[in-house]
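Chemist: What follows is a structure written as structure tokens; I'll ask about it next.
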Amino acid sequence: MSYIVESTLDGLDPRLMPVLGVWQRAAEAGQSLRRRDLDPLAFHHLLATSYLVDVVRQDPGGAADATVRYRYRLIGSTIVERLGRDRTGWWLDEVYPPETYQIVARSFDEVVRRRAPVRSHGDTSFANSRGRYLFDALEVPLAGDGMDDPGLITAIFGVLCFTPWSAPET
């Protein structure tokens, strides 16, 4: 199994650049990207491999050390088809066994901690997928809308690029 989380975006799949560009424009303007700022038409070709994750703090009092849980709000149709299941509405810690959860949650934790995009890449074997694919993912933080603290990360928008995995020839 390979699942690598990187704070550097070096080597990011070029197909993910439209999403990165949306986040960069907001950051350059000194603003946090919000869910309402995402224009699906700007990257409509990536929607089937996109996902939206709620960042839910378990301490509504706002303590700095509040426990964070992640829930899949939306999962694109290609992800569902390739992984062989739809976990929309599920908590991340319900989807994966503890050791796998720790690996997958690391990228979400980094996005929240850094308040910046994170790249993860590897292969889909961690998810017990139907087939085996290499993936490159970009995850960007989304700040609160409406009554939320405008600087609080309340969601993560992610996009995957899949490449069929081929076993090395022996």
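Chemist: Looking at region 1-17, which of its residues are surrounded by 15 or more Cβ atoms within 10 Å (Cβ to Cβ) and either within 24 Å of Val55 (Cα to Cα) or of a type outside the set (D, E, K, R) (or both)?
Modeler: Tyr3, Val5, Leu12, Leu16
Chemist: A further question on this structure: Could you tell me which residue of region 52-80 is modelled with the highest pLDDT, considering only residues that are within 22 Å of Arg119 (Cα to Cα) and out of contact with any strand residue (DSSP E or B) (no Cβ under 8 Å at 6 or more places or on another chain)?
Modeler: Ser77
Chemist: A follow-up question, please. What number of residues in region 18-55 are among the charged types (D, E, K, R), in a loop (DSSP other than H, G, I, E, B) and surrounded by 15 or more Cβ atoms within 10 Å (Cβ to Cβ)?
Modeler: 0
Chemist: Condition first: open to solvent by 10 Å² or more (accessible area, probe 1.4 Å) and in contact with a Pro (Cβ under 8 Å, 6 or more places away or on another chain). Now tell me which residues in region 103-113 satisfy that.
Modeler: Of everything in region 103-113, just one residue is open to solvent by 10 Å² or more (accessible area, probe 1.4 Å) and in contact with a Pro (Cβ under 8 Å, 6 or more places away or on another chain), namely Val112.
Chemist: Something else: Please verify whether region 89-96 includes one or more residues that are assigned to a strand (DSSP E or B), open to solvent by less than 40 Å² (accessible area, probe 1.4 Å), under 24 Å from Tyr133 (Cα atoms) and touching a Lys or Arg at 6+ places or on another chain (Cβ under 8 Å).
Modeler: The answer is no, given that none of the residues of region 89-96 is assigned to a strand (DSSP E or B), open to solvent by less than 40 Å² (accessible area, probe 1.4 Å), under 24 Å from Tyr133 (Cα atoms) and touching a Lys or Arg at 6+ places or on another chain (Cβ under 8 Å).
The values are calculated or read from the model by the stated rules, or taken from the named source; none is laboratory data. Keep in mind it's a predicted model, so treat the numbers as computed, not measured. Note: ideal-geometry Cβ built from the backbone for every residue, glycine included; neighbour counts use all protein chains shown. Please note that ligands, DNA and RNA were not included when accessible areas were found on the heavy atoms of the full protein model with its side chains. Shrake-Rupley method; radii C 1.70, N 1.55, O 1.52, S 1.80 Å.
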